[in-house]
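Before any comments, here is the structure.
The values are calculated or read from the model by the stated rules, or taken from the named source; none is laboratory data. Being a predicted model, the structure only gives us computed values, none of them experimental. No Cβ is skipped: glycine too gets one built from the backbone with ideal geometry, and neighbour counts run over all protein chains shown. Side chains are part of the model used for accessible areas, which takes the heavy atoms of the whole protein and leaves out ligands, DNA and RNA. Shrake-Rupley method; radii C 1.70, N 1.55, O 1.52, S 1.80 Å.
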Amino acid sequence: MAETTKIARNSGVAVWRQITDEIRREIKHGHFKRGEKLPPEMTLAARFGVNRHTVRSAIAALTQEGVLRAEQGRGTFIANAKRLTYPISKRTRMSTSLAEQITQQERVILAHRIEKPSAEVAHALQLNDENVQVHHFETLSIADGQPVSMSDSWFDQQRFPQFDEFYKASGSVTQALKQSGVADYFRKSTLISAQHANGQDLLHLKLTPGAIVLTAQSLNVDTNGVPVEYSATRFAADRMEFSIESMSLNDD
């Protein structure tokens, strides 16, 4: 770890948040090892040129987000939890992708509405009828007790009138689509971006203000290339990483 690190004051980014970002960066690059004890608050305060209260705020944020763990009477340690890898390919299925990396996973349906789609959703699902409606699901994915992502997903309500019943019963998009007559589907596109966590992310993903989430806007299509699902999934950046595989609808 560097002996001193300059903090950009009056930059618009809180000093404690800059410290959390630097600690994250050093964990990622191996300067801090998983399971290693974090230096004392006084040492960190001297390094960053701040008071202990500021360092304590940074440590508290990283502990809440699962990057660090505090042990009573022993100190603060780099959490042993590693980032989960989410492969994005022709047959992307989150539950299957995570199955070999964790021991327990859960998908919680936070909300379901039947609504008029936004222009973005209507365009993605190729819905041209102005009277069309969509199923809109908000879900939370949990891996080994840790929330890792939140999703908004949309499905054509006219094509899949009972989709909500099937999905709530099975907890699986794949199973609900099969019961709706879609035997198989494929990932057509994924657009990935980074942004600050919003209020819902902070609440459900247990993040702190200023935390970064990775957003994947995805379109799944059936075997005829017709859209069946459009989704926007927000991943806690410290808990997930993406592996992009070559994709083609013509692959065997």
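Listed residues 56, 113, 69; which is in a strand (DSSP E or B), under 22 Å from residue 212 (Cα atoms) and open to solvent by 30 Å² or more (accessible area, probe 1.4 Å)? Matching residue, one of 56, 113, 69: 69.
Of the residues 235, 186, the single one that is at pLDDT 90 or above, among the aromatic types (Phe, Trp, Tyr) and open to solvent by less than 10 Å² (accessible area, probe 1.4 Å) is 235. Could you please find all residues in region 189-202 being assigned to a helix (DSSP H, G or I) and either of a type outside the set (Gly, Ala, Ser) or open to solvent by 70 Å² or more (accessible area, probe 1.4 Å) (or both)? Within region 189-202, 200, 201, 202 meet the criteria.
With respect to residue 120, determine if the residue is loosely packed, with under 13 Cβ neighbours inside 10 Å and assigned to a loop (DSSP other than H, G, I, E, B). Here the answer is no, as residue 120 does not meet what is asked.
So, in region 123-146, exactly how many residues are of a type in the set (D, E, K, R) and not in a loop (DSSP other than H, G, I, E, B)?
Applying the first criterion (of a type in the set (D, E, K, R)) to region 123-146 yields 129-130, 138, 144.
Then drop every residue that is not not in a loop (DSSP other than H, G, I, E, B), which leaves 138.
Qualifying residue count for the region: 1.
Among the residues of region 203-220, is any open to solvent by 20 Å² or more (accessible area, probe 1.4 Å), polar (S, T, N, Q) and assigned to a strand (DSSP E or B)? Yes.
For region 130-167, filtering for residues that are more than 20 Å from residue 178 (Cα to Cα) and either without any contact (Cβ under 8 Å) to a residue 24 or more places away in the chain or touching a Phe, Trp or Tyr at 6+ places or on another chain (Cβ under 6 Å) (or both) leaves 3. Note on region 104-124: residues that are within 13 Å of residue 153 (Cβ to Cβ) and of a type in the set (S, T, N, Q) total 0. For residue 164, indicate whether it is part of a helix (DSSP H, G or I) and open to solvent by 20 Å² or more (accessible area, probe 1.4 Å). Taking the combined requirement at face value, the residue satisfies it. Listed conditions (1) under 16 Å from residue 88 (Cβ atoms); (2) modelled with pLDDT of 90 or more; (3) more than 12 Å from the chain's Cα centre (by Cα) are all met by residue 249, apart from (2).
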